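All remarks here apply to the structure that follows.
The values are calculated or read from the model by the stated rules, or taken from the named source; none is laboratory data. Here the structure is a predicted model, which is why all the values come from computation and not from measurement. When we count neighbours, we look across all protein chains shown, and the Cβ atoms used for this are built from the backbone with ideal geometry, even at glycine. In case anyone asks, the SASA skips ligands and DNA or RNA and just uses the protein heavy atoms, side chains included. Shrake-Rupley method; radii C 1.70, N 1.55, O 1.52, S 1.80 Å.
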Amino acid sequence: IEFARTPLQDAFKYIAQECKCDHDIDGDALKDKGYTKNMPQTFTMQDTGLAAIKKIVSGYTGMCLVIDEKKKEFIITTTTFAEKKGLKPYEF
């Protein structure tokens with residue numbers, strides 16, 4: 001994985017495509033924390049898609065990953081919004 005000032009939404013789209021799954025970014029949750037889907041991601045790593053998601057999510061306070069195995073989808077949201085929707089954040 002190599003991101004050079006790649007917008008957050010494009011980084012997650014790439015990871016989803018590589019993992020052959022769907023994804024969703026909760027824009028309202030991000031906005032609530034002052035984040036945007038365009039925040040640049042710059043890093044290189046040779047690891048799994050999950051490791052790349054962890055690296056991105058870990059860089060932002062309150063951002064989290066939710067995995068919906070039934071839909072084969074990962075959701076990027078915040079812990080606050082996940083709790084409000086009854087979703088369980090993934091524990092890395």
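Cross-link partners among lysines for Lys84, C-alpha distance below 17 Å, same-chain residues fewer than 8 apart left out?
Reachable lysines: Lys31, Lys33.
Please list, or write none, the aspartates and glutamates whose alpha carbon is within less than 15 Å of the alpha carbon of Lys72, excluding same-chain residues fewer than 8 places away.
Filter leaves Glu18, Asp22, Asp24.
Rolling a 1.4 angstrom probe over the protein heavy atoms, how many square angstrom per residue are accessible across the chain? Show your work: numbers first, answer last.
Values: 5860 Å² over 92 residues.
Heavy-atom SASA per residue in the chain reads 64 Å².
How much of the accessible area of segment 21-92, probe 1.4 Å, is carbon plus sulfur, in whole percent? Mind showing how you got there, number by number?
Values: 2080 of 4540 Å².
About 46 percent, which is the carbon plus sulfur part of the accessible surface.
By how many nm would the segment from Phe43 to Asp68 lengthen if fully extended, with 0.36 nm per residue of separation less the alpha-carbon distance? If you can, show how the numbers build up before the last one.
On the way: separation 25, 0.36 × 25 = 9.00 nm, distance 2.63 nm.
Here the segment from Phe43 to Asp68 would lengthen by 6.4 nm.
Going by amide H atoms built from the backbone, whose H comes under 5 Å of the H on Thr78, apart from near neighbours?
For Thr78, the qualifying residues are Cys64.
Taking the Cβ of Lys71 as the center, what net charge do the other residues with Cβ under 11 Å away carry, scoring Lys and Arg +1 and Asp and Glu -1? Don't skip to the answer; put the middle values down first.
Values: positive: Lys70, Lys72; negative: Asp22, Asp24, Asp68, Glu69, Glu73.
Residues near Lys71 contribute -3 overall.
Students often get this wrong, so try it: which of (i) 6.4; (ii) 5.4; (iii) 5.9 is mean projected area of the Cα convex hull in nm² as calculated from the structure shown?
(ii)
Given the -39500 (n - 2.57) contribution per DSSP H run of 4+ residues, what per-residue ellipticity at 222 nm results for the chain, rounded to the nearest 500 deg cm²/dmol? Please list the in-between numbers first.
Values: 4 runs with 34 residues, N = 92.
Calculated at 222 nm, the ellipticity per residue is -10000 deg cm²/dmol.
Nothing charged except the Cβ atoms of Lys and Arg (+1) and of Asp and Glu (-1): what's the magnitude of the dipole of the chain about its Cα centre? Round to the nearest 20 debye. Kindly include the intermediate steps, with their values, before the conclusion.
Details: 14 positive and 14 negative charges, 22 e Å.
The dipole magnitude comes to about 100 debye.
Arrange the peptides 73-85, 39-51, 18-30 so that the one whose residues have, on average, the most other Cβ atoms within 10 Å appears first. Don't skip to the answer; put the middle values down first.
On the way: 73-85: 18.3, 39-51: 12.8, 18-30: 15.6.
Peptide ranking by packing, descending: 73-85, 18-30, 39-51.
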